[in-house]
Structure formats: C-alpha cells, structure tokens
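Remarks on the structure that follows.
The values are calculated or read from the model by the stated rules, or taken from the named source; none is laboratory data. For clarity, every value in this text was computed on a predicted model and none was experimentally measured. Counting neighbours? That spans all protein chains shown, and the Cβs are built from the backbone with ideal geometry, glycine included. Note: areas computed on protein heavy atoms with side chains; ligands, DNA, RNA excluded. Shrake-Rupley method; radii C 1.70, N 1.55, O 1.52, S 1.80 Å.
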Amino acid sequence: MALVYIRRLFPFILILVFVGCKEKQIVQDTLDKAEALMETHSDSAYALLQTIDSEKLRTQGGRARYALLYTQAQDKNYIDDTNDSLISIAVDYYRYHGDVRHRFLSIYYKGRVLYNAGDYLKAMVAYTEAEGLAPDLHDDYYAGLLYTQLGDIYREYYDFPKSLEAYQKAEEYYINAEKDFHRLYASYDQSVIYLNMGEYHRCDSVLQLLLQKTVNHGMREQILKNKLQLCVRQKLTDEAESIYKELIASYDVKRYGSHFMTSIAEIYLAKGDLIQARKLTNKAWQVSKSVKDTIDCYITSSLISGAENNYATALLEYESGMALQNELVRKTLQHPILTMQRDYLEQELELQKYHLKEVLLFRRIYMILTFIIFIGVIILFYRMFKKKKREYARRLLVYDELRHSLLHNNSEMAGLVHKLFEKHFKMIDRLGGTYYDSFDTKQLDKRISREVRRLIDDYVEGNTYQELERIVDSSNENVMSLLREEIRLNDEKDYRLICYNLVGLSANTISVFVQTSPNNVYQKRSRLKKHIKESDALHRDLFLRILFKSA
C-alpha cells in the first residue's frame, strides 16, 4: 500500500524539485545581473535586488552575497542605512569563505553603515581592517573610496593632518583608477582641510585649479561656497560679495545651512549693513541643526551686537559660544578614537587575524585527519577484499580439484593406481625396516630423510615418473603424449606438474616434486590453463576437458 502512495506522489515530488531548482536558478541569475550593473547602473541593480525575496535564500553563501549587494546598492543610491544587521551576514560569511574582494567589500560597507549611524569608533575599526586587505585587493577605485572615508572620520574629530593625508592617498588611487570625478572631489576635500588648518594660500591654490577644470554644476556650487568661506576668513569682503552674487544668480541659496548664512552675515557686517547682517543671523538661527551651527550663530551675533554698541549682550553671546566651543573640544578630546586609539585598533585587528588563522588551521587539520581516516578505511577494505578474493580463489581451486578427482576416480584408473602402489609397496617395507633397525632417534631421522629423499628423486628423475606418465596416458586418451607433441611449455617441470595434478596429488606434495611453494602450484596451474586455452593446438579441447575439466 505504501508503495502505491509513493508511486502516486512521485510525479508531484519531481515537479516540486524541478520548480525549486528553477526558482533557485532565477535568484542566482538576478544576483548576477545586479552585480554586473552595480558600478555603471546602480539604480537598476537596486531595483533588481528589491525583486528578490530574501527568505527564499537557503544557503549561507546566497544570503551573504545578497546582503553585500543590497547594502552596496543602497550606498551607491545615497540611501543611508544605519542598521548593520544585514551587512554583518556578509562579513561573518566572507571572513572564512570567498576571495579577498568579497571580504574587503563586506568590511568596507559595514564601515559605511556604521558611519551613517554615527558610530565612528566601530566604523574606524572596520575601515582599518579593510585597509589591511587593500594591498591584496588590487582595485585602486575602492582603495580611493576607503581613504576618502578615513579622511571624513579624521575630519569629524578635527585630526586635520591625518584627514589631509587620507584625502591625498585617495586622490592618488583615483588617478591610478582613472576616476576623474572622484579625483576632483578628493582635491576639494583637501581644500576644506587647508581652510580649517588656516593654510589659506594652499586652499586658494587648490580651489583655483578646480575652478579652471571642467566640473559639473553641483561641484562648482560647492567650490564657490568654500571659496566664499575662504574670502570671509581673509576679510576679502568685495570678492566674497561677488561670489555670493554668483551663487544667488545660479543656485538656490535658501536651502543652504546655518554656517553659510553666518558667513554672509559677516560680509554685510564688514560692509556696515548691520540690519542685513542681523537678518541673515536670525535665518541662521532658524536653520541651525548642530552644536557647530549654534556656536557660529553665537559668535556672529556677538560681533553684530558689539557693532551695535550693545556690549553686554555681545559679551553674553560670546561667552555662550565659547562655552559650547569648550564643551565640543572637551568631548572631542575625551572621545577614544583615531590617532590615540590607532594602536589599540591595530592590536584588535591582529587578534582577529590570529583567531582567524587558528580557525583556518583547525579546519585544515580536521580535513587532513578526515582524509587520512578515509584513505585508511579504503585501504583496510581493499585488503579485506583482496584477502577474501584469495580465499575464494583457493576454495574454488580446491573445489575444482575435488570435482576433478571424483570424476576421474573410475575403476580403471583405480586399478592402475592400485597396481602402481602394489608394485612399489617395497618402498613402505624398506622404510619400515629402516625404522626397526634404528633405535637412535637422530640416526633414525637422518636415515628416513635419506630414504624419503631417494624416493622423491625416483619420482622426479627416475623411471618411476615415466611409468606414472604411461599409466596416465593409458587411461586418459594419451593426453600427456599429445600435450608434449602439441604444446610447447617453458619447463619440463610444467609437464610434470600437470601429470601430478591429473593423478590427484595434493598441492603440498606437488610442490615437493617440482620444488616450489604450494601457492606457486596454484598460480602455475592457472597460467598453464590460460596458455593452453589461448593456443591453436589440434587437441586443445581434449586438454582442457581432461586436464582442467573445462571446454
């Protein structure tokens, strides 16, 4: 009954297996297409990845690949993901599987997600680990992206020398990768650092070079904004106002942040237009979003109050701005990150690498031991099989000899053999007399051994063997005579082995007569049979029938 149900369900099982395999292939094809489009058409890649149901990804490799590609697509489409649970799947998998590229990308994009979440310490840990893989990556573009991110984190904590060094490395990698657009942005980032470091001449040189190059509309806007900040810092009011007018004419300045508004307010303050300066400062307060923006508003407002001869208010605003500035500096200095923590981070990474090497070593040892045990089991089974095969061959040969003896033990052969033993009964009488006459055990052993040796020699070399062969011929259609005429054997002992075997002597006895081991007797018998079977002798079938009992 169970078999009937299985037969009925079998077609449905096949259909389910086929559908499952086809669906898995569709998912793999979609991942392949998304990966191929990632660098050139990231929006299309993201759209493709959104069509995949991640719950249908059964293997760890499939889930890791999807996690990496989806996080990568989000980043390239300016979607700032702050949850690292998805990309961690890829990091955990590619840490022990895959190539250097997948390992680097998974760690790099985990750093991007952590940076988006504001966890700069963990982001730095990820970027430092990715930096260690960069030399083996051989991808200048992604190396440039990595150093750009490192520069951003250093700038976030006012470590401007480190930030500048990272942006310069990024620019070098972009040049090698022939990524002109990214190279220009790396130069722009350097101008921002020069401005913050007070190196106005270098900042101006970089900005002038950027303005001379062909840049897109959006990048020119950023360059002009930075140029305006530089002019404000240098008190170049007229040039700053000229740049501001260009920005108003070409861009929507209403969406600019608080820092820009306070910079413009300082321009009007320098020109003596206190009303416009105050108006812009009030707008800056409205769009203020961070502590830095608040500090800028306090400082600019205190300058305007001082120009209005409202010194008490100016002092209060200035002290408020300085208090926030001191708080920001104190938090920055107390934050355990970047240069002071770099050695710690590198030690953590070294520890992770050591643990990784340990895991890989144990895996290799386990695989080697498993392989050795597997080979050992195979060898053991092979030897057991060979032993069984030899035992089976021996038993088969014994059975064949027994059948041979039973088939040929007819009355005529029995009479001839009886006559032979009757004729040579005196051998037994001689041995008995020797035993009776000798009482010394050592002398007895020697004399009996000599007598037995003489009898054996008589059967091997004397007339006794010739008589034995004539008896075998007389009862077996002259098989030995015909064999000697038609089959040429290598050795006389081979003919005699066949004769002794036909008489029915044991392998042990035959081995004494032909001076070899019992095992060699069996092997020689098999080879002689094969030799006769492959010959073109006239009486080949007779030989096989009588000597080996086969056609």
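Brief remarks follow.
- For the peptides 45-56, 81-92, the ranking by packing is 81-92, 45-56, with the highest mean count of neighbouring Cβ atoms within 10 Å listed first.
- Over 24 Å (Cα to Cα) - which of Lys76/Lys292; Lys388/Lys533; Lys110/Lys169; Lys162/Lys235 fall in this group: Lys76/Lys292; Lys388/Lys533; Lys162/Lys235
- Solvent-accessible area per residue for the stretch 115-237 (1.4 angstrom probe, square angstrom): 45
- Prolate/oblate/rounded label for the stretch 468-520 (Cα gyration tensor, a/c 1.5): oblate
- The portion of the accessible surface of the stretch 139-220 made up by carbon and sulfur, rounded to a whole percent, is 46 (1.4 Å probe; DNA, RNA and ligands excluded).
- Taking GluC sites (Glu not before Pro) across the stretch 155-242, the ones in a DSSP loop with at most 16 further Cβ atoms lying within 10 angstrom of their Cβ are Glu178, Glu199.
- The phi-based Karplus calculation (6.51 cos²θ - 1.76 cosθ + 1.60; θ = phi - 60°) puts the 3J(HN,Hα) values of the stretch 519-527 at 5, 5, 4, 5, 5, 4, 4, 5, 5 Hz, whole numbers, x for Gly and Pro.
- Cα-centre dipole for the stretch 458-551 with unit charges at Cβ (Lys and Arg positive, Asp and Glu negative), debye to 20: 500
- For the stretch 124-165 versus the stretch 95-112, the gap between their alpha-carbon centres in whole angstrom: 15
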